[in-house]
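The structure appears right after this line, and notes come after that.
The values are calculated or read from the model by the stated rules, or taken from the named source; none is laboratory data. Bear in mind the structure is a predicted one, so any value in this text is a computation, not a measurement. Quick reminder, even Gly has a Cβ in these numbers, built from the backbone with ideal geometry, and neighbours come from all protein chains shown.
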C-alpha cells in the first residue's frame with residue numbers, strides 16, 4: 001500500500017505526467033534518486049499503468065459521446081470473448097463495463113457525428129449477437145477527469 005509520499009507522487013503524476021523527477025522530488029521533499037526509486041516501485045507494483053497525453057477532442061472533431069446500453073440473451077464464456085474481441089477492435093469504444101441490473105453491458109463511444117455512430121453500430125451488430133441495443137447521446141459534459149481520488 002502506498003504511503004503518504006507515494007500517494008502525493010501519484011496525485012502529482014495524475015495532474016501532469018511530464019513533470020521531471022527533479023520537480024516531483026522537490027514537491028514531495030525528497031532528493032532525486034529516492035524519488036525516482038519510488039516512482040519505479042509504483043510502476044513495478046502496478047500503481048502506474050502507463051503515462052499518456054490527454055488530447056483535446058474539439059480540433060480532432062470527436063465531440064460526441066454516446067452511451068450504448070446492451071442486452072444479450074447469451075451469458076457464456078464464448079459469447080463474452082467474441083464481444084470483448086469485437087469491442088477491442090473498435091477504436092471508438094473508450095470504456096466498456098459489464099453491468100448489474102437491467103443492462104448487461106455499457107459502452108462509452110466517442111465519434112464525430114451521428115453518421116459515424118451509425119457506422120459503428122452496424123459494425124458492432126454485425127460481429128456480435130445482441131438482444132437489445134439502445135443509445136443515449138450526451139448533450140453536455142458537466143465533469144470529466146482521469147484523476148482518481150487519492
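For the structure I just gave you, tell me whether residue 112 is within 21 Å of residue 141 (Cα to Cα), free of Cβ contacts under 8 Å to residues at least 40 places away in the same chain and either surrounded by 14 or more Cβ atoms within 10 Å (Cβ to Cβ) or outside the structural domain of residue 15 (by TED's automatic domain parsing) (or both).
Working: within 21 Å of residue 141 (Cα to Cα): yes; free of Cβ contacts under 8 Å to residues at least 40 places away in the same chain: no; either surrounded by 14 or more Cβ atoms within 10 Å (Cβ to Cβ) or outside the structural domain of residue 15 (by TED's automatic domain parsing) (or both): yes.
Judged against the criteria, residue 112 is not a match.
Kindly indicate whether residue 103 is without any contact (Cβ under 8 Å) to a residue 40 or more places away in the chain, in a helix (DSSP H, G or I) and outside the structural domain of residue 14 (by TED's automatic domain parsing).
Numbers: without any contact (Cβ under 8 Å) to a residue 40 or more places away in the chain: yes; in a helix (DSSP H, G or I): no; outside the structural domain of residue 14 (by TED's automatic domain parsing): yes.
Spelling it out, it is not the case that residue 103 is without any contact (Cβ under 8 Å) to a residue 40 or more places away in the chain, in a helix (DSSP H, G or I) and outside the structural domain of residue 14 (by TED's automatic domain parsing).
Of the residues 140, 147, which single one is assigned to a loop (DSSP other than H, G, I, E, B), exposed (fewer than 12 other Cβ atoms within 10 Å of the Cβ) and free of Cβ contacts under 8 Å to residues at least 12 places away in the same chain?
Working: 147 fails: free of Cβ contacts under 8 Å to residues at least 12 places away in the same chain.
After applying the criteria, what remains is 140.
Condition test on residue 74, is it more than 24 Å from residue 149 (Cα to Cα), surrounded by 14 or more Cβ atoms within 10 Å (Cβ to Cβ) and under 18 Å from the mean Cα position of the chain (by Cα)?
Values: more than 24 Å from residue 149 (Cα to Cα): yes; surrounded by 14 or more Cβ atoms within 10 Å (Cβ to Cβ): yes; under 18 Å from the mean Cα position of the chain (by Cα): no.
Against the criterion (more than 24 Å from residue 149 (Cα to Cα), surrounded by 14 or more Cβ atoms within 10 Å (Cβ to Cβ) and under 18 Å from the mean Cα position of the chain (by Cα)), residue 74 does not qualify.
A quick yes/no check of all residues on (1) within 30 Å of residue 109 (Cβ to Cβ); (2) assigned by TED's automatic domain parsing to the domain that holds residue 111; (3) more than 20 Å from the chain's Cα centre (by Cα); (4) not in a loop (DSSP other than H, G, I, E, B):
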| position | (1), (2), (3), (4) |
| --- | --- |
| 9 | no, no, yes, yes |
| 12 | no, no, no, yes |
| 34 | no, no, yes, yes |
| 58 | yes, no, no, no |
| 82 | yes, yes, yes, yes |
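Would you confirm, using the coordinates I've provided, whether residue 68 is exposed (fewer than 13 other Cβ atoms within 10 Å of the Cβ) and within 29 Å of residue 144 (Cβ to Cβ)? Break it down into steps so the answer makes sense when it comes.
Values: exposed (fewer than 13 other Cβ atoms within 10 Å of the Cβ): no; within 29 Å of residue 144 (Cβ to Cβ): yes.
For residue 68, the condition - exposed (fewer than 13 other Cβ atoms within 10 Å of the Cβ) and within 29 Å of residue 144 (Cβ to Cβ) - is not met.
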